[in-house]
Amino acid sequence: MAEQTKAVTNEKSDVKAVIGVVSGKGGVGKSFSTAMLAVTLAKEGFKVGILDADITGPSIPHLFNVESGVYGDAVSIYPAVTRRLGIKVISSSLLLTEDDDPIMWRGPLIGDLVTQFFTTVSWGELDFLLLDFPPGTSDVALSAYGSLPLDGIILVTTPQTMVQTIVKKAVNMAEQLSVPIFGVIENMAYIKCPKCGEKINFYGDKLSDQKNYFDLPVLTSLPLEPKNTKLGDEGKIELADTTLFSEVVQQIITKIGEKND
């Protein structure tokens with residue numbers, strides 16, 4: 001079991017809840033889910049920030065069409081702010097000269113940068129800070145689980161046996177490090193026929209199997225929605241339909257309330 005370290009703090013900010021969005025597997029819609037959770041929370045009146053912890057493969061700035069806005073002084077870094085909903089964002093891509101410049105760092109340095117983003121960014125007052133984790137169970141997750149004051153994590157998966165096996169590693173890691181898991185978002189579970197509205201489970205009907213496999217609550221089962229995908233590609237994720245995420249948000253709020261009681 002990895003050694004736990006003392007949780008770091010940020011005296012320049014007042015962050016009430018810190019939630020990680022984790023997959024263990026790339027390509028399952030983790031960054032999309034993080035963005036949609038942030039948009040849903042912001043639309044419901046909460047002050048929200050996103051720490052893009054996927055240092056070498058950041059997606060959050062593209063989803064929100066944020067290209068600049070980060071600045072710093074001698075003691076703090078100030079995040080960019082999205083145009084429509086005022087979501088605060090910090091990402092490695094916002095610190096680069098060119099958006100497509102690679103970050104060729106070894107794992108420990110990447111893990112340290114995530115911690116520095118938490119401790120040195122002046123977030124101000126936030127109700128929720130969401131961390132968009134990279135795939136895998138290595139340095140970033142170890143650093144974050146060991147040092148950041150996470151209230152809990154949300155797992156994102158698709159209904160495929162191969163993906164579930166890999167995501168299960170992330171479940172086991174969180175459990176071994178005593179990080180609370182709020183539940184699972186099942187992404188790309190189905191598509192809706194544009195003519196009749198019938199659900200088509202193109203991976204098969206795996207939801208019941210997933211409940212048994214993870215032994216965790218399934219927070220929502222999401223369709224592959226071309227409209228939202230297009231909005232994300234265009235950097236307009238703040239205009240996306242958040243209906244299916246509203247229930248997830250309410251469940252998270254309830255779980256955090258129970259944890260703090």
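Rg and Dmax, both from the Cα atoms of the stretch 128-261 and both in Å, are 16.0, 50. Of the peptides 229-242, 58-71, 31-44, the order by per-residue mean of other Cβ atoms within 10 Å, starting with the highest, comes out as 31-44, 58-71, 229-242.
Normalised by residue number, the volume inside the convex hull of the Cα atoms of the stretch 16-165 is 117 Å³ per residue. Each of Thr115, Val179, Phe245 was placed along the dipole of the chain (beta-carbon charges, centred on the mean Cα), and the one lying farthest toward the positive end is Phe245. When both bridge partners sit in the chain, DSSP labels roughly 15% of those beta bridges antiparallel.
Which of the helices in the chain, when you take each full DSSP H run, stretch at least 30 Å along the axis at their Cα atoms and have an average Kyte-Doolittle score of -1.0 or higher?
none
Extents of the stretch 3-90, taken as max minus min of Cα coordinates on every principal axis and listed largest first, are 39, 35, 28 Å. Annotation: per residue accessible area for the chain equals 48 Å², rounded to a whole number [probe 1.4 Å, protein chains only]. In the chain, the inverse of the mean reciprocal separation of distinct Cα atoms equals 18.6 Å; this is its Kirkwood hydrodynamic radius. Between Leu85 and Glu198, the simple spin-label model (points 7 angstrom out along Cα→Cβ) gives 3.4 nm.
Cβ neighbours within 10 Å, averaged per peptide: list 251-258, 20-27 in order, most packed at the top. Display every interim value, and only then the final one.
On the way: 251-258: 15.5, 20-27: 22.9.
Listed from highest to lowest mean packing, they are 20-27, 251-258.
With a 1.4 Å probe and all protein chains left in place, how much of the accessible area of the stretch 52-204 comes from carbon and sulfur atoms, in whole percent? Show your work: numbers first, answer last.
Values: 3570 of 6940 Å².
The computed percentage sits at 51.
When the C-alpha to C-alpha distance is required to be over 25 Å, the pairs from Lys227/Lys255; Lys169/Lys255; Lys12/Lys230; Lys30/Lys169 that qualify are Lys227/Lys255; Lys12/Lys230.
Here the label points at Thr9 and Leu216, each 7 Å from Cα along the C-beta direction, are separated by 3.0 nm in the simple model.
Less than 11 Å Cβ to Cβ from Val167, Lys/Arg counted +1 and Asp/Glu -1: what total charge do the surrounding residues give? Cβ neighbours under 11 Å give a net charge of +3.
The values are calculated or read from the model by the stated rules, or taken from the named source; none is laboratory data. This is a predicted model, so every value here is computed, not measured. All Cβ positions, glycine included, derive from the backbone under ideal geometry; neighbour counts span all protein chains shown. These accessible areas exclude ligands, DNA and RNA; they are computed on the full protein's heavy atoms, side chains included. Shrake-Rupley method; radii C 1.70, N 1.55, O 1.52, S 1.80 Å.
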